[in-house]
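Since the structure comes first, as structure tokens, the remarks are kept for the end.
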Amino acid sequence: MTARPLEIPELAATDRLLDPDEPAPLLVERADGRSRLVLVADHAGRRLPRRLGDLGLAAADLKRHIAYDIGILPVAQALARAFEAPLIAQTYSRLVIDCNRPLHVAQSIPETSELTAIPGNRNLSPAAREARIEALFRPYHGTIEALLDARAAAGLATVLVAMHSFTPVFKGAARPWLIGLLYNRDARLARPLIELLNQDSAPYIGDRLPYVVHDETDYTLPVHGERRGLPHVGIEIRQDLIADPYGQAAWAAWLEGILKTALDRLPDR
């Protein structure tokens, strides 16, 4: 069967946050790819909508991990090319709205990220919050939903992988892991990945580290993975390891082999 064409949700006609000449709120590559693998990157970009200025932050803050997942987009793109797989990535900063947080939690639009205050996120009106949701959150997750619906209608098996990177030091505490695997109740993909990764890099593999996926703190994997019954995992790579093109290419190549073997150990459905 042929998958339905992917329809990207349009922004509301009124109260747009993004001007017409600003970049789209997401990047979509290979939407018609028939690989079992579907890659997403919730924090791939660090762009800010023009109307929000700099959120009261210094330019240097917008290059830090609080603004985006450093290095993860080139890694995700390389993996998507290798598997001929779809990739959907958010192109605006998590500081505007975090696309991996439920809308009702404080960190959806953070007033403080790690130890840095975000002045432009304080005392937002309901209309201002809704503008960010409509401009960035809904198009991103609506596109993921449309892609997964189209694949299901076409009878394509899907394995969802959310790509992230993490800072080596958070609130003064060192994080020694090279890579972490994130999941909650469903470990179908995480188990073989942990076994394979530990053959190469134990003890520096984070099992449900640097944090645990939970329905109240996370969005992408609980909603698009668990609720649909899809095998899934979040992959977190330490940012200093993928901060340059050499590291990005090396990690993508290594993960390609690991993921191929793990996928072979999963049933077809």
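The values are calculated or read from the model by the stated rules, or taken from the named source; none is laboratory data. Quick caveat, the model's predicted, so the values are computed rather than measured. Every residue, glycine as well, gets a Cβ built from its backbone with ideal geometry; the counts of neighbours run over all protein chains shown. Each accessible area value is taken on the protein alone, full model and side chains, heavy atoms only, with ligands, DNA and RNA left out. Shrake-Rupley method; radii C 1.70, N 1.55, O 1.52, S 1.80 Å.
Annotations
- Residue in the stretch 214-225 that is among the aliphatic types (A, V, I, L, M), more than 17 Å from Gln77 (Cα to Cα) and at pLDDT 95 or above present: yes
- If you check Ala243, Ala187 for being more than 25 Å from Arg36 (Cα to Cα) and assigned to a loop (DSSP other than H, G, I, E, B), only one passes: Ala243.
- The stretch 214-269, residues that are in contact with a Leu (Cβ under 7 Å, 6 or more places away or on another chain) and either over 14 Å from Arg188 (Cβ atoms) or among the polar types (S, T, N, Q) (or both): His224, Ile235, Glu236, Arg238, Leu241, Gly247, Trp251, Ala252, Leu255, Glu256, Ile258, Thr261
- One residue stands out in the stretch 36-90 among those that are in a loop (DSSP other than H, G, I, E, B) and of a type in the set (Val, Ile, Thr): the one that is farthest from the chain's Cα centre (by Cα), namely Ile66.
- Within the stretch 102-149, the set of residues being loosely packed, with under 15 Cβ neighbours inside 10 Å and assigned to a loop (DSSP other than H, G, I, E, B) comprises His104, Val105, Glu111, Glu114, Leu115, Arg122, Asn123, Leu124, Ser125.
- Residue that is nearest to the chain's Cα centre (by Cα) [pool: residues in the stretch 158-183 that are assigned to a loop (DSSP other than H, G, I, E, B) and either farther than 23 Å from His65 by Cβ or touching a residue at least 60 places away in the same chain (Cβ under 8 Å) (or both)]: Thr167
- Within the stretch 22-35, considering residues that are out of contact with any Leu (no Cβ under 7 Å at 6 or more places or on another chain) and assigned to a loop (DSSP other than H, G, I, E, B), the one surrounded by the most Cβ atoms within 10 Å (Cβ to Cβ): Gly33
- Taken as a whole, the condition of being open to solvent by 40 Å² or more (accessible area, probe 1.4 Å) and touching a residue at least 24 places away in the same chain (Cβ under 8 Å) does not apply to His224.
- Scanning the stretch 36-63 for residues that are under 30 Å from Ala152 (Cβ atoms) and touching a Ser or Thr at 6+ places or on another chain (Cβ under 9 Å) yields Arg36, Leu37, Val38, Val40, Asp42, His43, Ala44, Gly45.
Yes/no per residue for (1) of a type in the set (Val, Ile, Thr); (2) touching a Pro at 6+ places or on another chain (Cβ under 7 Å); (3) under 17 Å from Gln248 (Cα atoms); (4) open to solvent by less than 40 Å² (accessible area, probe 1.4 Å):
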{"position": "Arg46", "(1), (2), (3), (4)": "no, no, no, no"}
{"position": "Pro49", "(1), (2), (3), (4)": "no, no, no, yes"}
{"position": "Ala58", "(1), (2), (3), (4)": "no, no, no, no"}
{"position": "Leu62", "(1), (2), (3), (4)": "no, no, no, yes"}
{"position": "His65", "(1), (2), (3), (4)": "no, no, yes, yes"}
{"position": "Asp69", "(1), (2), (3), (4)": "no, no, yes, yes"}
{"position": "Ala76", "(1), (2), (3), (4)": "no, no, yes, yes"}
{"position": "Ala82", "(1), (2), (3), (4)": "no, no, yes, no"}
{"position": "Ala85", "(1), (2), (3), (4)": "no, no, no, yes"}
